[in-house]
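Asks: Could you have a look at this structure, given as structure tokens, before my questions?
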Amino acid sequence: MRRPQLIAARAVVLVGAFALLAGCTSSSGDETGGVLTPSAAPSGWDAQELAGVKLSTPADWESYETEPPSGGGADVTAAGMKMPLGPDGAGGSVYVVTSGSPTRDAKASSANSRTVGEATLGAEDVVEEDLTWPGADAAAYLAYEADLPMPSGDDVRFRYETLTLDLPDGSQSIVTVVGPVSRYEETGQHDVLASVTVGD
């Protein structure tokens, strides 16, 4: 994995890992309506199954090697897909972590992800919302932006969106998409998150 995508992927892993494993919590932020709605993927996208979660990605995205967060236990799985690098050398990805025995519910996990994002990445423009998601017992949404350093020495503004799902079997999946703000809509990353399905 090239450095810009590695930076983004490591940041996603860090936030996902803390959401599953860390002991701290935070209060929820301002709630807004309708920030993420389940929807079918655009025509021509490829269906994927990542760590037990089904979603779709643009046809030019590729899988990348990843491992579950350290200390997560034997019932934690992880998988990711990455998009091509842009002209600025910045890439993006979708990263899924699923735990068979989560330590907190979706709302608390999402709040913890916010705490970690603010502490480690300087997260700004934070949005949190409790959701109803098909196939899940509970769901929470988190979005924020952060500046990440590129090899050129310049910072690139990235957007993070996370959907945390409590599933009927007691497991929890955390799906995070991250990519440069300048191409976020163009590359369809919000649509990747909206395409998530769980259950039958």
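The values are calculated or read from the model by the stated rules, or taken from the named source; none is laboratory data. Keep in mind that what you see is a predicted model, and the values were worked out from it rather than measured. In this analysis, Cβ positions are derived from the backbone assuming ideal geometry, glycine residues included, and neighbour counts consider all displayed protein chains. Note: accessible area is taken over every heavy atom of the protein model, side chains too, but ligands, DNA and RNA are not part of it. Shrake-Rupley method; radii C 1.70, N 1.55, O 1.52, S 1.80 Å.
Asks: Tally Lys and Arg at +1 and Asp and Glu at -1 over the other residues with C-beta under 15 Å from the C-beta of Asn112: what net charge comes out?
Replies: The answer is -2.
Asks: Would you please put 77-89, 117-129 in order of how densely packed they are, using the mean number of other Cβ atoms within 10 angstrom per residue and starting with the highest?
Replies: Ranking, from highest mean packing down: 77-89, 117-129.
Asks: Report the net charge of residues surrounding Asp137, where surrounding means a beta-carbon distance below 10 angstrom and charges are Lys +1, Arg +1, Asp -1, Glu -1.
Replies: Residues near Asp137 contribute -3 overall.
Asks: In whole percent, and with a 1.4 Å probe on the protein chains, what portion of the accessible area of the stretch 85-144 is carbon and sulfur?
Replies: 50 percent
Asks: Using per-residue counts of other Cβ atoms within 10 Å, averaged over each peptide, order 178-186, 36-44 from highest down.
Replies: 178-186, 36-44
Asks: What does the charge count around Leu36 come to, taking other residues whose C-beta lies under 9 Å from its C-beta (Lys +1, Arg +1, Asp -1, Glu -1)?
Replies: Taking every Cβ under 9 Å from that of Leu36, the sum is -2.
Asks: Taking a probe of 1.4 Å, how large is the accessible area per residue of the stretch 94-200, in Å²?
Replies: Per residue, the stretch 94-200 has an accessible area of 36 Å².
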